[in-house]
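Asks: Right, I'll just put the structure down here and ask away after.
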Amino acid sequence: MADDRASVLPPASGLIAARITLEYGSHDGFGQTVERALARGGDRGATIVAFLDRGDLSIRIPREDGPTWNAVPLVHLQRGRTPSGEEWGTANAVLEKLERYR
């Protein structure tokens, strides 16, 4: 039986790629974490966020994880859909700006 889930891989370059590697280790580790988050999130998906105070990345589930005042959404993930290069580029630019002011 074929698996219809497309594994979400991080971008190959940029600050966001480096931060994902730092937070999640290998691409496989990141992909597994995303798959677990998407399973929890169902149709709501999951969002990769950056915390303002620490600069850490996290994956949050809409309406399941509590609200947070200090997290900036970077990329929203949906099952069966891989973020575009433009979405990763925007997330990278936001992360770079946050790093300048942290």
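The values are calculated or read from the model by the stated rules, or taken from the named source; none is laboratory data. All figures in this text were calculated on a predicted structure; none of them were measured in a lab. Here the Cβ is made from the backbone with ideal geometry for all residues, glycine too, and neighbour counts use every protein chain on show. The protein model used for the area step is the full one, side chains on, heavy atoms only, and it has no ligands, DNA or RNA in it. Shrake-Rupley method; radii C 1.70, N 1.55, O 1.52, S 1.80 Å.
Asks: Filter region 8-21 for residues that are at pLDDT below 90 and among the hydrophobic types (A, V, I, L, M, F, W, C) and give the result.
Replies: Residues satisfying the conditions are VAL8, LEU9, ALA12.
Asks: What pairs come up if the first residue lies in region 15-44 and is on the phi > 0 side of the Ramachandran plot, the second is open to solvent by 30 Å² or more (accessible area, probe 1.4 Å), and their beta carbons are under 9 Å apart, counting only those six or more places apart or on different chains?
Replies: Final answer for the pair search is GLY42/ARG79.
Asks: Okay, next question. Can you list residue pairs whose Cβ atoms sit under 6 Å apart, with the first residue in region 54-74 being free of Cβ contacts under 8 Å to residues at least 40 places away in the same chain and under 20 Å from THR90 (Cα atoms) and the second being open to solvent by less than 50 Å² (accessible area, probe 1.4 Å) and among the hydroxyl-bearing types (Ser, Thr, Tyr)? Count only pairs 6 or more apart in sequence or on different chains.
Replies: Correct list of pairs: ARG60/THR47; PRO73/THR47.
Asks: Which of the following residues is open to solvent by 20 Å² or more (accessible area, probe 1.4 Å) and touching a helix residue (DSSP H, G or I) at 6+ places or on another chain (Cβ under 6 Å): GLY14, GLY25? Even if it seems obvious, please write down each step before you answer.
Replies: On the way: GLY25 fails: touching a helix residue (DSSP H, G or I) at 6+ places or on another chain (Cβ under 6 Å).
The conditions single out GLY14.
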